[in-house]
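Note sheet for the following structure.
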Amino acid sequence: MNILELRGISKIYGQLSALSEIDLDVAQGEWLAIMGPSGSGKTTVMNIIGCLDKPSCGSVVLDGQELSALSADELTAIRRDKIGLIFQQFHLISYLTALENVMVAQYYHSLVDEKEALAALDRVGLADRAKHLPRQLSGGEQQRVCIARALINYPSIILADEPTGNLDEANERVVMDILHQLHREGSTIVVVTHAPEVAAHAERTVVLEYGKIARIVLGGDPSKAPEVGEACGAGA
Amino acid sequence: MTERAFTPGVLARANLRRRPFRSAGLAGLVALFTFVLFGGTILNENLSRGLDSLAGRLGADLLIVPYGYEKETQAALLRGEPSTFYLKADLLDKVRGAPGVVQASPQFFLASLNASCCTAQVQIIGYDPESDFLIRPWTRGNLAALEKGQVVVGSRIIPAVGEELTLFGVGFAVAAKMEATGMGFDTSVFMSLDDVYELMVKGGLAEGDLSQINAFISSIALKTSPDFAPRDVGNELMRRHALDYNLDLVLTKNLLSDISVSLKNFSSFIWVLAAFLWLLAMIVMSVVFSVALNERQREFSLLRILGATRGWLGRLILHEASYIGFGGAALGLAGAAVIIFPFSTLIFQSIGLPHLRLSGLTVLAYGLAAFILAGAAGPLASLYSVLSITRFDIYPTLREGE
């Protein structure tokens with residue numbers, strides 16, 4: 001069963017075509033990596049999947065709901081309810097503690113539950129740092145708070161944009177271990193990255209070039225990828 | 001920790017605490033505006049009512065005083081500054097017969113020592129209850145006649161009607177209390193001319209028999225006929241008696257117009273200053289909110305990504321602006337209350353104009369109006385920022401600089 005279906009997605013900014021006729025399915029519980037060089041359309045795909053932007057044409061179905069025709073506020077509600085976002089720069093609110101940064105996502109979603117937020121922090125190994133402000137945490141710890149925040153509302157899909165791009169090797173391992181654990185528990189994960197070693201953790205990697213899917217690789221190693229259509233084709 | 005911990009109000013307060021100097025600076029600006037607006041309005045209204053009361057009830061068109069005592073007479077009338085000066089009393093009959101004079105009533109000004117009623121000197125004013133038209137309009141109740149040993153007291157003299165007041169060791173019964181006039185009358189004690197002469201003898205202020213002492217008065221209040229200009233009546237009196245009696249004249253119309261001009265200047269100054277401060281507060285806050293919005297685009301983008309609607313972010317900014325606006329307004333009101341009310345006597349003394357205190361309810365109404373006007377400056381100044389929230393793309397803004 002697919003949790004996400006993109007059909008004929010294009011995005012045009014003035015004269016520039018950022019995405020062209022993208023078809024892509026993501027299965028429930030799958031770990032998908034989206035790779036590509038700068039300007040290949042990775043961020044545009046991420047924006048559309050994350051309900052942060054709307055495609056110029058084509059349809060997006062997330063968890064059975066068509067998104068293309070929704071208003072900005074309706075997309076906000078979908079983002080709040082179904083998507084957990086993890087960022088390269090963590091983007092924690094500087095004047096809230098780690099616990100409050102998790103709880104603020106609960107607040108917009110439904111009800112604030114301190115115990116549950118603490119449990120989420122515990123899950124990423126940060127229960128003892130709950131009362132710390134972001135500036136009192138290391139980069140790796142901040143990213144783990146960001147992950148706890150992404151998980152707190154039980155999203156249908158976890159969308160991670162360069163999740164280890166700002167971390168050292170040790171913290172990268174910690175974060176990838178957490179993502180593996182989430183994946184084992186059944187979470188659907190989409191990671192946007194330019195790093196092959198991060199993409200290698202995925203079950204499938206989509207490589208974008210010039211706004212189109214250049215190839216899709218099973219097993220996550222894009223260097224061994226066949227051309228699109230040779231093996232699995234778009235929309236596999 | 002509950003739901004309330006993340007409402008726009010709570011997050012707004014957290015953000016204001018995070019920038020204490022900016023928050024305090026903006027609130028201080030609003031407080032200054034509120035202080036000037038509220039304090040200035042209260043002072044202005046006190047003075048304006050004082051002037052209205054004076055204009056409405058000061059029945060005299062002319063005051064005849066000894067030459068060189070024009071200023072002292074004004075000071076005694078307007079500010080209650082005690083002074084003593086003399087005119088020959090036989091002038092009164094000559095004035096009464098002069099063309100254009102309808103009524104003439106004498107006064108005798110006597111500065112007291114410290115009296116039992118008061119912490120400072122009071123002005124004792126002897127007057128002729130029969131011919132008086134200066135004191136009576138302000139007397140509460142129906143005072144049929146002032147009997148010997150009775151006094152009428154100004155509104156700020158402590159003893160009440162029926163109580164006794166001792167002046168120079170002589171006791172007087174308080175027969176009536178005047179309404180607040182806003183003038184020196186409020187701190188004056190009025191008695192008949194006969195009583196004031198007797199008091200001078202008993203109090204050791206004058207020697208000799210009463211027939212010698214009562215040959216003097218201090219001033220004569222005149223009411224002129226509508227067919228004559230007060231200035232012409234005054235000029236004729238001066239022509240006839242100035243050399244013999246060493247006279248000077250106070251035209252009450254001039255006195256009032258001088259006060260009116262002073263009040264108008266004061267009022268204009270207050271309004272111009274308040275308008276300038278309001279404009280300044282609005283401009284500074286608009287710029288600061290606009291700059292802050294740019295600084296905080298990432299934070300707002302993140303909140304949008306987490307699920308905050310544009311309306312919610314608008315409420316967040318409005319809350320911050322309202323805390324600054326209404327917080328500053330409350331500070332300004334408190335500052336005005338702490339400075340102006342306890343020191344009002346000193347302030348009005350230094351201004352030297354007649355004044356009437358406003359009722360508590362009126363002060364409250366002015367305070368509320370100033371609070372709303374000043375407080376609203378915050379939300380109004382933030383409107384541009386609130387409307388601009390929708391103008392940035394969420395995710396590109398969040399990733400700017402990465």
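The values are calculated or read from the model by the stated rules, or taken from the named source; none is laboratory data. In this text the structure is predicted, and so the values were computed from the model without any measurement. Cβ: placed from backbone, ideal geometry, glycine included. Neighbour counts: every protein chain shown. Calculation scope for accessible area: heavy atoms of the full protein, side chains included, ligands and nucleic acids excluded. Shrake-Rupley method; radii C 1.70, N 1.55, O 1.52, S 1.80 Å.
Residue count for the stretch A:124-141 under the criterion of being surrounded by fewer than 18 Cβ atoms within 10 Å (Cβ to Cβ) and assigned to a helix (DSSP H, G or I): the result is 5. For the stretch A:142-173, the set of residues classified as touching a residue at least 40 places away in the same chain (Cβ under 8 Å) and in a helix (DSSP H, G or I) consists of A:Q142, A:Q143, A:V145, A:C146, A:I147, A:A148, A:R149, A:A150, A:L151, listed by residue number.
Within the stretch B:356-366, one or more residues are modelled with pLDDT under 75, hydrophobic (A, V, I, L, M, F, W, C) and farther than 30 Å from B:A308 by Cβ.
Flag: B:V161 does not match the condition of being surrounded by 14 or more Cβ atoms within 10 Å (Cβ to Cβ) and within 23 Å of B:S105 (Cα to Cα).
Taken together, the residues in the stretch B:17-26 that are surrounded by 15 or more Cβ atoms within 10 Å (Cβ to Cβ) and within 19 Å of A:Y107 (Cβ to Cβ) amount to 0. Taken over the stretch A:76-108, residues that are under 18 Å from A:S187 (Cα atoms), open to solvent by 20 Å² or more (accessible area, probe 1.4 Å) and more than 7 Å from chain B (Cβ to nearest Cβ) amount to 2.
Only one of the listed residues (A:D63, A:D73, A:D23) is open to solvent by 30 Å² or more (accessible area, probe 1.4 Å) and within 14 Å of another protein chain (Cβ to nearest Cβ). That residue is A:D73. Collect the residues in the stretch B:172-189 that are assigned to a strand (DSSP E or B) and either open to solvent by less than 40 Å² (accessible area, probe 1.4 Å) or among the acidic types (D, E) (or both), keeping them in residue-number order. Matches in the stretch B:172-189: B:F172, B:V174, B:A175, B:A176, B:K177, B:M178, B:S188, B:V189. Among the conditions (1) in contact (Cβ under 8 Å) with a residue 24 or more places away in the chain; (2) within 30 Å of B:Y245 (Cα to Cα); (3) surrounded by fewer than 18 Cβ atoms within 10 Å (Cβ to Cβ), B:K71 misses just one, which is (1).
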